[in-house]
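Engineer: One structure, as structure tokens, below. Some questions next.
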Amino acid sequence: MSATTTVAPAEQRPQLPDNVAVYRDDGPLAQAIGRALGPNVPVPAMALLVLGAGAILALAALAGSAASLGLTAAGVAVLLLTFGITSVRYPKASFHWAVPSLVRVGEYATLAWLAGTADALPAAFALIAALTFRHYDLVYRLRHRAEVPPRWLNLLAAGWDGRVIIAWLLLALGALPAAMYVWAGLLGAVSVAETVASWRRFERSRATAGEFDELEGEGE
Amino acid sequence: MTDTGTAVGGRAPAAGAPAGDPTATTTAIVVAGAPAAGGGAAALLPWERGTVLERLLGQLDDLGIRTVCVLVRPAHEAAVRAVAGDRVRVSPDTAADLRAIAEAAAAPGGGGIVILPGEIVTHREALAGLLKDPRVVTGTLLGGGWRARQFAFRVRSKRGRVISAASPYHTAHRPTSAFLGVLKVAAADRPALVTSAARLAELTADPSAEWRDELERKTEMWRGALWRAAHRGGEEADEGDGEDEPIDEFADDPEEPETPADPVLSAEDDALLREKLAAAPEDATALALVGLVRSGTHVGVNRLRRLFWARPLSAAAVARAEVDILDYDEDKVLLDSAVKASDGFFTTFFVSTYSRYIARWAARRGFTPNQVTTFSVLIGFLAAAAFATGERWGLVAGAILLQAAFTTDCVDGQLARYTRTFSKLGAWLDSIFDRTKEYACFAGLAIGASRMGDPVWTLACAAITLQTARHFSDFSFGAGQSRMIGDIEQPPLERSLDAAGLAAAERRARAQQEPPAEQPAEPPPRPEPAQPDPLPRRVLRAWHTIDRLPGVRWVKKMAAFPIGERFAAISISAALFDPRVTFVVLLSWGGFAVLYTLSGRVLRSIVR
């Protein structure tokens with residue numbers, strides 16, 4: 001019975017990607033804006049996020065469906081700038097929890113406002129519903145399987161930045177609501193199909209990564 | 001008495017772990033070093049026609065654990081060998097116990113290991129709850145009931161993870177639960193067990209002054225607890241268990257009679273204390289737990305719930321346990337504890353009260369949780385379709401169907417917990433289908449409203465955005481907390497105080513304008529903060545304190561607008577009024593919930 005048993009140190013659990021970064025769902029443009037402007041704008045990240053989401057909500061409330069194309073373009077630009085900069089600059093760690101919610105509010109509100117100006121709110125609801133699947137799946141995928149979606153799916157989903165631009169382009173082209181319905185249907189179908197396929201892979205591999213269910217008080 | 005049996009049909013096949021299951025526990029180390037009152041090993045105390053140890057070995061065998069090693073003191077070897085045969089291994093002292101644990105963990109191959117004391121008396125289901133729960137990879141059995149378990153070493157757990165554990169030589173600052181002796185270590189965490197148990201063996205062979213002082217402090221703590229129990233006067237209503245992780249992280253222990261400086265115990269209590277003091281330094285299981293926690297291993301939590309548990313150290317205590325365990329209806333306890341303790345008001349009082357019986361019925365009919373989940377989402381789609389008709393009968397039918405969907409949604413989780421058929425896919429289906437049902441009903445209501453000539457798509461878009469943002473705030477807040485818990489820097493095993501205890505001692509030392517003492521400066525059980533806390537912390541403490549008032553916890557839960565309340569609000573407002581009212585209710589209550597949770601979280605973030 002030897003007292004000193006030399007064994008390799010305990011196997012480290014794989015370090016998961018940062019939840020906030022995954023939940024934000026930034027696209028390439030937002031990240032580029034963040035890299036270019038992030039270090040140079042001396043405004044706290046929290047202020048930028050509140051400003052961006054607040055600007056969209058204010059525009060949607062005040063101008064509403066009567067907003068001109070130019071005004072909607074300005075709104076989209078404000079959102080891209082404020083949120084984009086925060087893609088590399090986070091508030092202090094104890095306030096990280098507020099970031100993903102603000103990004104979602106800014107994104108969904110923009111989509112609804114843009115569609116509203118073309119009398120296409122049902123199509124916006126369809127798109128937002130499809131997006132909620134993607135966004136909840138980001139959370140559950142990380143929690144249950146310790147995974148993030150494949151790169152191609154993230155590119156296809158375009159990030160919140162890509163989506164508000166596409167929505168504005170569709171609005172400018174007069175393609176609402178039909179194009180938005182098609183978009184929502186495609187995005188939803190691809191997201192669901194990829195999730196089902198990746199679950200099948202995970203179950204077959206008998207991998208042990210990830211956790212089973214939410215902890216008390218979180219989610220439902 | 002067949003307290004090893006269970007009433008649930010079809011659970012027997014689960015006894016043997018499926019081949020290749022990486023989470024299966026295959027080895028048990030039974031630490032039988034604790035002495036009984038009047039000599040002999042506590043594990044050899046008589047239980048019915050056999051011994052406590054025989055009963056435990058039978059339970060382990062029934063749970064499919066084939067490799068068992070009983071660590072026994074040389075004096076009791078022959079007696080234990082008569083019970084456990086060649087599974088016995090002689091171990092002269094606690095240090096040797098820990099070396100044996102390290103060696104067993106270092107042995108090549110094999111799956112998980114369970115370490116437990118030989119004198120433990122509990123239900124098979126209590127052990128199964130920990131060993132057969134795939135959600136807890138490495139974990140412990142914990143319980144509440146402070147007063148009844150005054151001798152159990154304590155732990156502090158947060159978000160389902162043990163962040164500090166006590167042993168004869170270690171303390172847990174601001175404990176939340178009692179460690180009930182059972183420690184399950186997954187195959188992947190065996191290397192951490194090897195390293196920490198080997199180190200503990202060295203330290204335990206010759207306890208340092210700091211360690212000896214800690215044991216001395218515990219002796220006084222136990223003496224005080226016994227004195228208080230004797231002077232409390234009858235009220236012993238502290239057996240409650242289930243959700244014993246206090247919501248109140250700033251609370252001190254429940255109010256107790258003032259303990260004198262040198263409490264004098266009755267002869268009976270004095271004998272109890274002496275039994276405990278003889279057994280405490282032999283508690284290799286508690287030391288092994290401290291070793292794992294201090295090495296940063298993720299040690300999960302499984303709760304005893306309302307099952308029976310005891311660690312008798314005398315024949316009289318065993319006799320009491322033999323009688324007490326008869327009062328427990330294992331199946332009823334299992335069914336009751338299948339109900340999630342953290343559910344909201346509506347779910348707890350209007351759904352779980354009967355849904356648990358549907359869960360039991362489904363278990364007996366052999367339905368799987370995933371089948372029930374799928375059934376639930378189908379009813380949810382029917383509800384959405386009924387809402388979309390825009391007719392009064394449709395709104396009423398949709399309201400009823402949505403409640404049926406919600407009930408079955410509660411059933412699936414209860415069925416999974418009752419039958420212990422947990423799967424990650426099941427957890428995912430449950431979560432994603434909940435969201436699907438809710439948002440499908442939003443769509444149905446908005447379509448119905450348009451048909452009724454009152455389009456509400458703006459409100460529908462606002463409602464889905466608000467609810468998603470609320471969920472993401474919860475997800476992110478939870479993830480941040482878990483990360484913080486994982487980042488706690490654990491002090492080395494030599495230190496008796498844990499991370500929080502050391503920090504508190506340092507704060508006290510600084511407040512007294514003295515250099516930090518080398519020894520844990522005479523740690524009083526309830527240190528008084530030297531200076532008043534900052535306002536946000538005081539507000540938070542007051543906020544937690546009012547939880548003790550009856551009903552306040554439920555009001556707070558309702559204010560957060562959980563799923564049961566949301567579904568009830570949808571059903572009632574849609575059936576009685578129209579979709580516009582439904583969305584207005586969802587947005588107002590949800591908006592109030594945002595302000596409510598937001599203020600709490602901002603306060604906590606400032607305090608941090």
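Every number here is computed from the coordinates shown, using simple stated rules; none is lab data. What you see is a predicted model, and the numbers here were worked out from it, not measured in a lab. Every residue, glycine among them, receives a Cβ derived from its backbone with ideal geometry; neighbour counts consider all protein chains shown.
Engineer: Å³ per residue of the Cα convex hull, for the protein assembly as shown?
Structural biologist: On the way: hull volume 142.4 nm³, N = 828.
Per residue, the Cα convex hull of the protein assembly as shown comes to 172 Å³.
Engineer: Here's another thing I want to ask about it. Angle between the Cα long axis of helix B:369-388 and the longest principal axis of chain B, 0 to 90 degrees, nearest 10?
Structural biologist: Approximately 20 degrees, to the nearest ten.
Engineer: For each of B:CYS410, B:CYS441, count neighbouring Cβ atoms within 10 Å of the residue's Cβ, then give the residues from fewest to most.
Structural biologist: Numbers: B:CYS410 25, B:CYS441 30.
Neighbour counts put them in this order, fewest first: B:CYS410, B:CYS441.
Engineer: How many times 2.2 N^0.38 Å is the alpha carbon radius of gyration of region B:280-370?
Structural biologist: 1.53
Engineer: Pop the C-beta distance of B:ASP86 and B:ARG49 into the FRET formula with R0 = 22 Å and round what comes out to the nearest 0.05. Walk me through the intermediate numbers first.
Structural biologist: Numbers: r = 22 Å, r/R0 = 1.02.
The calculated FRET efficiency here is 0.45.
Engineer: Can you give me the long-range amide H partners of B:ARG73? Hydrogens built in the peptide plane at 1.01 Å from N, cutoff under 5 Å, separation of 5 or more residues or another chain.
Structural biologist: Here B:SER91 satisfy the definition.
Engineer: Something else about it: What is the magnitude of the charge dipole of chain B about its Cα centre, with +1 placed on the Cβ of each Lys and Arg, -1 on the Cβ of each Asp and Glu, and no other charges, expressed in debye to the nearest 20?
Structural biologist: Dipole magnitude for chain B comes out near 1960 debye.
Engineer: Alpha carbons only, please: Rg and Dmax for chain B, in angstrom.
Structural biologist: Final numbers for Rg and Dmax: 26.6, 88 Å.
Engineer: Let me ask another. Under a 5 Å amide H to amide H cut-off, with H placed in plane at 1.01 Å, what residues pair with B:ALA41 once short-range neighbours are removed?
Structural biologist: Close amide H contacts, sequence-distant or interchain: B:ALA36.
Engineer: If you don't mind, there's one more thing I want to ask. If R₀ is 60 angstrom, what is the calculated FRET efficiency for the pair B:LEU277 and A:VAL43, using the beta carbon separation as r and rounding to 0.05?
Structural biologist: 0.45
Engineer: How many Cβ atoms of partner chains, on average, are near each residue of B:198-206 if near means within 10 Å of its Cβ? Don't skip to the answer; put the middle values down first.
Structural biologist: Values: counts 6, 2, 0, 4, 2, 0, 0, 1, 0.
Mean shielding count: 2.
Engineer: Then there's this: Convert each backbone phi in region B:488-500 into a coupling constant with the Karplus relation 6.51 cos²θ - 1.76 cosθ + 1.60 (shift: θ = phi - 60°), then list the ³J(HN,Hα) values in order as whole Hz, x for Gly and Pro.
Structural biologist: 4, 8, 7, x, x, 5, 5, 7, 6, 7, 8, 4, 5
Engineer: Further, regarding this structure: Ordered by residue, what ³J(HN,Hα) values in Hz, to whole numbers, does region B:279-286 give under the Karplus form 6.51 cos²θ - 1.76 cosθ + 1.60, where θ = phi - 60° and Gly and Pro are x?
Structural biologist: Values, residue by residue: 8, 4, x, 8, 7, 5, 5, 5 Hz.
Engineer: Can you sort B:SER473, B:SER588 so the residue with the fewest Cβ neighbours within 10 Å comes first?
Structural biologist: So the residues, fewest neighbours to most, are B:SER588, B:SER473.
Engineer: Counting pairwise Cα distances across region B:333-408, what percent come out greater than 17 angstrom?
Structural biologist: The proportion of pairs with Cα distances above 17 Å equals 53 percent.
Engineer: Send over the semi-axes of chain A's equivalent ellipsoid, whole angstrom and largest first, taken as the square roots of 5 times the C-alpha gyration tensor eigenvalues.
Structural biologist: 37, 22, 14
Engineer: Taking amide H positions as placed 1.01 Å from N in the peptide plane, with prolines and chain starts having none, which residues 5 or more places from B:THR67, or on another chain, fall under 5 Å of its amide H?
Structural biologist: Placed amide hydrogens put B:ALA28 under 5 Å from B:THR67.
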